[in-house]
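This report concerns only the one structure given below.
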Amino acid sequence: MCRITVFTPTYNRAYALPHLYETLQAQTFRDFEWLIVDDGSSDNTEELIQCWINDARLPIRYIKTPNGGKHRAINKGLALAKGELFFIVDSDDWLPVDSLYWIDLYYSQICSCEEFAGVAGSKCYPNGTKVGGDVTYNVLDTDNVSYREVHKIKGDMAEVWRTNVLRQYLFPEFEGEKFLTEALVWNKIALKYKLRYFNKEIYTCEYLPDGLTNNIRIHHRNSPRGTMLFYSELTKDNRFSWVSRMKAAANYWRYTMSYKGRRNHMPLWAFLLLPIGFMAYRHDLRKERK
């Protein structure tokens with residue numbers, strides 16, 4: 001057992017992983033493991049990581065699986081993690097040297113409270129600018145949905161979950177589909193648990209051209225059943241504003257317009273957003289052809 005499992009799902013990122021490795025070596029807090037699930041890479045990822053394992057500068061475990069997408073890699077990582085906390089750090093990102101120190105400090109404040117699923121710090125870009133802009137709180141205890149819908153705070157956060165909680169909310173896996181947004185699971189956890197948000201930068205992110213974020217529309221369209229599940233649930237979730245739910249309805253049609261199989265149930269009002277979804281779908285196709 002250890003305090004934190006730093007979990008990295010990776011696919012053909014041998015060129016990016018060394019930076020993350022260097023920042024993990026530099027961490028001031030040392031009670032952690034680095035668990036890597038290689039999602040079927042065809043580059044030299046395996047050889048690179050094996051060299052690091054042999055160097056033994058930090059505890060590393062490496063597992064290679066057939067290519068199935070980040071959500072499947074997370075499920076696999078949760079089955080293998082030894083840490084009390086599970087911290088997802090993508091292969092093109094890295095950590096400030098005191099990242100794990102702050103995580104442990106703030107988690108120590110709430111670790112005996114079962115209403116908390118973990119803690120969350122800030123993400124920043126390589127130039128130091130915070131993702132989503134500055135916040136006014138030092139500490140905020142709330143759930144993941146209220147953080148955005150009630151407190152109106154934007155931008156991705158670096159969530160660090162209790163491993164035993166996240167194991168109760170594994171990602172659904174649809175045959176032939178390789179993408180499922182993490183928000184599907186985070187929204188479910190928010191029905192029962194809070195997070196302690198703290199205003200410290202613990203994660204540096206760089207959105208590379210081959211990453212999920214920059215190709216999100218294609219991934220949604222290529223994984224229609226997972227996409228339908230996420231957006232159909234969002235349209236019926238009263239925790240979200242009407243604006244958020246209408247956007248979800250439009251995106252439901254936008255990303256699944258060409259899907260011919262069985263569809264998820266949608267509220268009647270959501271069909272009013274079908275024309276907007278169709279126009280967005282056509283716009284995406286035209287943009288991709290350029």
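The values are calculated or read from the model by the stated rules, or taken from the named source; none is laboratory data. As the structure is a prediction and not an experimental result, all values here were calculated from the model. Cβ placement follows ideal geometry from the backbone for every residue including glycine, while neighbour counts extend to all protein chains displayed.
Only one entry in Ser122, Ser108, Ser99 is under 16 Å from Leu20 (Cβ atoms) and out of contact with any Ser or Thr (no Cβ under 7 Å at 6 or more places or on another chain), namely Ser99. Residues of the range 206-242 that are modelled with pLDDT under 95 and of a type in the set (A, V, I, L, M, F, W, C): Leu208, Leu212, Ile216, Ile218. Taken over the range 144-184, the criterion of being hydrophobic (A, V, I, L, M, F, W, C), part of a loop (DSSP other than H, G, I, E, B) and in contact with a helix residue (DSSP H, G or I) (Cβ under 8 Å, 6 or more places away or on another chain) is satisfied by Ile153, Leu170, Phe171, Phe174, Phe179, Leu180. Within the option set Arg13, Arg57, being more than 24 Å from Asp104 (Cα to Cα) and basic (Lys, Arg) holds for one residue only, Arg13.
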